1. Pulled fully out, how much extra length does the chain show between residue 127 and residue 158, if you take 0.36 nm times their separation in residues and subtract their Cα-Cα distance?
2. Pop the C-beta distance of residue 149 and residue 90 into the FRET formula with R0 = 25 Å and round what comes out to the nearest 0.05.
3. Once you put a point 7 Å from the Cα of residue 109 and another 7 Å from the Cα of residue 180, both along the Cβ direction, what distance in nm separates them?
4. For labels at residue 42 and residue 14 in the simple 7 Å Cα→Cβ model, what's the distance in nm?
5. For the stretch 101-145, go through all pairs of different Cα atoms, get the mean of 1/r, take its inverse, and jot down that Kirkwood value in Å.
6. Say R0 is 22 Å: what FRET efficiency, to the nearest 0.05, do residue 73 and residue 219 get from their beta-carbon distance?
7. Taking amide H positions as placed 1.01 Å from N in the peptide plane, with prolines and chain starts having none, which residues 5 or more places from residue 215, or on another chain, fall under 5 Å of its amide H?
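Laboratory data are not the source of any read-out in this text; all were calculated from the coordinates shown. All of these numbers come straight from a predicted model, not from anything done at the bench. No Cβ is skipped: glycine too gets one built from the backbone with ideal geometry, and neighbour counts run over all protein chains shown.
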Amino acid sequence: MRVDYVTDEHAARKLLPEPLELPLIPRASVFFTQFFQSHGDIPLLEVSQSIEAISPDGSVGDYIQSVYTDNVASIIHNRDAYIQPILYGVGSLTHRDGATNFSLTVGQTVVVRGSAGYRSEPMLDQDAVEFLQRPKFYLKVLGRPALGEPAKPTLFKLRNSNVDVSEAYVDVSEAYVDVSEAYKVPATLTLDGHIMAPFDQLPVLHIDSCHTFATTWSLGELEVIHRY
């Protein structure tokens with residue numbers, strides 16, 4: 001589930017690393033992603049916040065600002081792999097009475113809360129695939145400073161597939177993104193602040209859209225955009 005909203009331009013610019021640029025209308029997003037069969041029978045739930053960004057080659061995607069989960073194995077794995085740190089937080093995603101209720105709690109503070117419609121307006125499969133293929137940008141610190149190696153901050157671009165959906169026809173089975181359900185739904189979103197999860201640094205001016213997906217996908221190409 002993804003909630004897109006218009007946010008404060010100065011706040012977004014402050015958090016967005018160069019050489020990424022903001023679009024004309026500054027937008028941010030909150031993602032609730034459940035991964036099944038990744039660490040056992042219980043689904044892994046991650047909560048992320050991102051900023052819509054334009055890369056130097058003109059690609060429009062999402063700069064992942066932060067990721068939270070209560071799955072310890074996922075947190076340890078990402079730290080060992082020296083990719084973007086995943087922080088500890090307890091996410092909740094429930095479907096009841098025609099609505100999807102969601103929240104993220106860090107410590108004793110609920111920093112994200114809201115609700116969305118349940119299966120409101122179906123999307124075309126092709127539109128859903130195109131939406132999910134938006135690249136994601138990550139700022140990662142390579143090297144191991146604890147072992148005396150110099151830190152090397154690097155900006156990456158990651159795609160979910162290597163298929164250009166701008167072509168007249170794309171076989172979804174070849175796109176590495178198999179969408180079983182996709183809906184555009186109404187939503188509410190409230191962000192609060194915590195010293196370990198300052199979601200309110202990107203305030204909600206108004207909600208632009210909300211989408212829910214059930215999909216099977218695999219990672220595509222990884223590209224280095226900038227070395228600092």
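1. Result: 9.2 nm gained on full extension.
2. Efficiency computed from Cβ-Cβ geometry: 0.15.
3. That separation, rounded to one decimal, is 3.8 nm.
4. My value for the distance between the label points is 3.6 nm.
5. One decimal place: 14.9 Å for the Kirkwood radius.
6. FRET efficiency, residue 73 to residue 219: 0.70.
7. When sequence neighbours closer than 5 places are left aside, the close amide H contacts are 180.
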